[in-house]
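The values are calculated or read from the model by the stated rules, or taken from the named source; none is laboratory data. Every value quoted in this text rests on a predicted model; they were computed, and no experiment measured them. Backbone-built Cβ (ideal geometry, glycine too); neighbour counts: all protein chains shown. Side chains are part of the model used for accessible areas, which takes the heavy atoms of the whole protein and leaves out ligands, DNA and RNA. Shrake-Rupley method; radii C 1.70, N 1.55, O 1.52, S 1.80 Å.
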Amino acid sequence: MLALTSGRLITARNLRRYLRPVITNQRSRQISTYNVDIAGLTEEQAEFRNAVAEFAERELAPRAAQIDKSNNFPSDVWEKLGDMGLLGITVSSKYGGLDLGYFHHTLAMEELSRASGSVALSYGAHSNLCVNQIHRHGTEAQKQKYLPDLIAGKKVGSLAMSEPGSGSDVVSMSLRADKIDGGWKLNGNKFWITNGPTASTLVVYAKTAPERGSKGITAFIIENTFKGFSTHQKLDKFGMRGSDTCELVFDNCKVPEENVLGQVNKGAGVLMSGLDLERLVLSGGPLGLAQAAFDYAVEYVHDRKQFGQPVGTFQLMQGKIADMYTSLNASRAYVYAVAKACDRGRISRRDCAGAILYSTEKAIEVALEGMQCLGGNGYINDYPMGRILRDSKLYAVGAGTQEIRRMLIGREFNEQFKSS
């Protein structure tokens, strides 16, 4: 059963009936070239995907350009996502979740990204980086306290690892947590934090025993009302502009003992296990952006005429369309295979990294080729290709850089052959 956080229970098959009719973009037919049979979806998975796609087409797509222009996340979307049950896909129904797996979560990330990359990024940070981590590592009291409101969209979640001086080398973080009576006192900063300006519940990593390196990190659940916690100005980003991002400041921020997530000095394990699943779920983002770019381009080249015929009939354009289509589907096949393996309990660190590495690379390529298909129109902001390209580029540096992903994959093979 799929549980809606409003208290209603529906099956995946009935989820589409819950939705209102789709309002389409009248400037373009915006066909979808997604092939369910090739994607290997079951009937239930296809129904789930269609439901999310219809929701995204109605609630996000008409606003995507304005969201990008204004650099503001549409706050009303959180509770709508909550009503759909999408904020707790991998969470037990005991807390209002859907009791589904990471493949469904990746499907949702893909379809939301196809409509708005920035809204989907904030969605991923909330539903996977924050909600899923609390569900996996929280105490029963923590789950009961935080998950229902987060899953309903009444509160916004975030995760904070990176700092001004520690991005890829996250273990070198300097945010310090010192033991005090009844809890901990945090001092330092976090940077590039998705949902930071609006988050009320944040999973934050800090050094509780700096001299122990990676074995001295602890995860905490921080509330934005804690004394000593504040945020600095929102960042003005190149892409993903509707995904609110800022710096967090901890100035003698007092955190109760019961807000330790997991065990003291065991935060690196929480962090690293979460990174594998983060890479997987977020790899749905590049898939959705690539699909959006391809769908727009393939329709455009068959509408646009030069020399008395659609430009899509020219052999050079046919070659572009063929390359875009195969790259997109190859990326999807890899991401879906890794997601299904994770749902079977076969979490592969090298393949979670590989999925987002490959899907990101191909999304950027497809967006660039899509822009080329539109010619001069691809370069003006009246068309979506520029936004799609800028949003795609985020995944080359966010949630780990492409270089770090390659290093991680290579290191995994080094470890394998070292022990053989």
query: Limited to region 389-420, what total is found for residues that are free of Cβ contacts under 8 Å to residues at least 24 places away in the same chain and polar (S, T, N, Q)?
result: 4
task: Scan region 95-132 residue by residue and report those that are open to solvent by 10 Å² or more (accessible area, probe 1.4 Å) and either under 23 Å from Arg344 (Cβ atoms) or within 13 Å of the chain's Cα centre (by Cα) (or both).
output: Asp99, Leu100, Gly101, Tyr102, His104, Arg114, Leu121, Leu129
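Considering only residues that are more than 20 Å from the chain's Cα centre (by Cα), within 24 Å of Ala268 (Cβ to Cβ) and part of a helix (DSSP H, G or I), which ones fall in region 134-145?
If we filter region 134-145 for residues that are more than 20 Å from the chain's Cα centre (by Cα), which is where we start, we get 138-145.
Still in the list and also within 24 Å of Ala268 (Cβ to Cβ): 138-143.
Listed by number, the residues that qualify are Glu140, Ala141, Gln142, Lys143.
So which residues in region 378-407 are farther than 27 Å from Gln291 by Cα and open to solvent by less than 50 Å² (accessible area, probe 1.4 Å)?
Taking region 378-407 first, the residues farther than 27 Å from Gln291 by Cα are 407.
Across region 378-407, there are no qualifying residues.
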message: Against the definition (closer than 30 Å to Gly386 by Cα and either in contact with a helix residue (DSSP H, G or I) (Cβ under 6 Å, 6 or more places away or on another chain) or of a type outside the set (A, V, I, L, M) (or both)), how does Ser214 come out, yes or no?
response: no
Odd one out for Lys215, checked against (1) open to solvent by 10 Å² or more (accessible area, probe 1.4 Å); (2) touching a Gly at 6+ places or on another chain (Cβ under 9 Å): (2)
Near pairs, Cβ below 7 angstrom, 6+ apart or cross-chain, from region 215-231 (without any contact (Cβ under 8 Å) to a residue 40 or more places away in the chain and β-branched (Val, Ile, Thr)) to any residue that is buried (at least 18 other Cβ atoms within 10 Å of the Cβ) and not in a strand (DSSP E or B): Thr231/Gly196; Thr231/Pro197
Tally of residues being polar (S, T, N, Q) and open to solvent by 70 Å² or more (accessible area, probe 1.4 Å) across region 313-346: 3
message: I'd like the full set of residues that are open to solvent by less than 30 Å² (accessible area, probe 1.4 Å) and over 30 Å from Gly386 (Cβ atoms), limited to region 67-91.
response: Gly82, Gly85, Gly88, Ile89, Thr90, Val91
message: Which of the numbered conditions does Val171 fail, given that it passes all the others? Conditions: (1) modelled with pLDDT of 95 or more; (2) in a helix (DSSP H, G or I); (3) under 21 Å from Gly398 (Cα atoms); (4) open to solvent by 20 Å² or more (accessible area, probe 1.4 Å).
response: (1)
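Does Asp236 fit the bill of being open to solvent by less than 30 Å² (accessible area, probe 1.4 Å) and either of a type in the set (Asp, Glu) or in a helix (DSSP H, G or I) (or both)? Let's see the steps before the verdict.
Details: open to solvent by less than 30 Å² (accessible area, probe 1.4 Å): no; either of a type in the set (Asp, Glu) or in a helix (DSSP H, G or I) (or both): yes.
No, not satisfied.
I'd like the full set of residues that are in a helix (DSSP H, G or I) and open to solvent by 10 Å² or more (accessible area, probe 1.4 Å), limited to region 257-269.
Taking region 257-269 and keeping what is in a helix (DSSP H, G or I), we get 257-259, 267-269.
Correct list: Glu257, Glu258, Ala268, Gly269.
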- line: The lone condition Gly153 fails out of (1) farther than 18 Å from Leu282 by Cα; (2) open to solvent by 10 Å² or more (accessible area, probe 1.4 Å); (3) small (Gly, Ala, Ser) is (2)
